[in-house]
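Novice: This is the structure I have questions about; it appears just below.
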Amino acid sequence: MDYLQGFYDGTLAFAEVVEQKRDLTLFKISHEFSLMIACDSDGGIGNKEHDFVKVENWLTGYFGARVALMEILAAKGRPWLLIDTLAVEMDPAGKEIISGIRKACAEAGVHDLPLTGSTEDNIPTVQTGIGVTVLAIVKNDQIPVGSSQKGDLVAVAGIPKSGPQFQVEPEDPELISLQDLWRLREIPGVHDILPVGSKGVAYEAGELAKSAGLQLRLGETDLDLLRSGGPATSVVFSLLNNDVLQTVKEAISAPIKLIGELY
């Protein structure tokens with residue numbers, strides 16, 4: 001079936017080509033491939049007069065792009081375009097935010113990823129607001145969402161942190177890096193991966209279990225499972241067994257915490 005032609009002609013409805021998988025939206029373009037879309041937004045974080053969390057503009061851009069890129073990379077998508085919608089003037093705030101976006105792209109292994117977007121150059125702004133959307137292509141048979149198995153262990157890579165409680169910095173060794181995520185997703189025996197957002201580890205681990213039709217049994221841990229993960233400072237993932245867990249610990253630099261199992 002030619003999904004693109006069918007949708008264009010109106011013979012295929014939205015429900016036949018568009019699918020939501022957790023925070024990802026998929027548009028099926030063929031039996032083999034889908035267009036994958038991930039988004040993030042940030043408001044009141046920057047260096048303008050009424051920003052609630054005061055940080056350099058490039059950090060706002062960096063972490064906004066990082067969230068959407070991590071969603072895509074965790075699901076094994078290949079990014080081909082990043083859209084930045086910035087509710088600030090281009091110069092200087094927009095340029096500074098875009099420099100952070102480009103830094104995140106470079107760390108994600110897509111330093112030459114095309115960017116497009118818009119800024120607010122008509123109205124003076126007193127508070128920072130940005131949106132980031134990443135478009136990617138993914139093979140339908142490689143999407144790991146819902147791939148967890150009964151008996152899998154569940155672990156967290158990175159420590160969940162968010163402002164204003166924490167000063168979140170890209171070089172913090174307790175954060176999972178984009179390079180770590182690349183390595184994690186290629187390890188045999190690692191199944192599903194889900195970046196941790198504002199709802200915390202426990203919520204995301206539950207979503208990981210639910211997407212595979214399983215239940216989560218939490219174990220003892222010193223990790224705060226309810227604290228916001230902010231800009232995807234950690235990821236929760238399912239894995240086959242303790243041997244795979246040891247391989248993960250040797251492969252990535254972020255701290256690893258075992259939090260439970262699936263049944």
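Novice: Could you please find all residues in segment 208-263 being over 20 Å from S162 (Cα atoms), among the acidic types (D, E) and surrounded by fewer than 17 Cβ atoms within 10 Å (Cβ to Cβ)?
Specialist: E220, D243, E250
Novice: Can you pull out every residue in segment 47-58 that is modelled with pLDDT of 95 or more and either aliphatic (A, V, I, L, M) or crowded, with 24+ Cβ neighbours inside 10 Å (or both)?
Specialist: The one that is modelled with pLDDT of 95 or more and either aliphatic (A, V, I, L, M) or crowded, with 24+ Cβ neighbours inside 10 Å (or both): N57.
Novice: I need every pair where a residue in segment 179-193 that is not assigned by TED's automatic domain parsing to the domain that holds A74 and aliphatic (A, V, I, L, M) has its Cβ under 7 Å from the Cβ of a residue that is in a loop (DSSP other than H, G, I, E, B) and surrounded by 17 or more Cβ atoms within 10 Å (Cβ to Cβ), sequence separation at least 6 or different chains.
Specialist: L184/I252; I193/P144
Novice: If you go through segment 227-252, how many residues are modelled with pLDDT of 95 or more, more than 10 Å from L184 (Cα to Cα) and among the small types (G, A, S)?
Specialist: Number satisfying all stated conditions: 2.
Novice: How many residues, within segment 3-39, are assigned to a strand (DSSP E or B) and not basic (K, R)?
Specialist: Summing the residues that are assigned to a strand (DSSP E or B) and not basic (K, R) in segment 3-39 gives 14.
Novice: Is it fair to say L135 is of a type outside the set (V, I, T), more than 16 Å from the chain's Cα centre (by Cα) and closer than 26 Å to K76 by Cβ?
Specialist: No: the conditions fail for L135.
Novice: Counting residues that are modelled with pLDDT under 95 and surrounded by 14 or more Cβ atoms within 10 Å (Cβ to Cβ), which strands (runs of 3 or more DSSP E) fully inside segment 103-207 reach at least 3?
Specialist: On the way: elements: 115-118, 129-139, 153-157, 190-195.
No strands (runs of 3 or more DSSP E) qualify here.
The values are calculated or read from the model by the stated rules, or taken from the named source; none is laboratory data. Every value quoted in this text rests on a predicted model; they were computed, and no experiment measured them. Neighbour counts run over all protein chains shown; Cβ positions are idealised from the backbone, glycine included.
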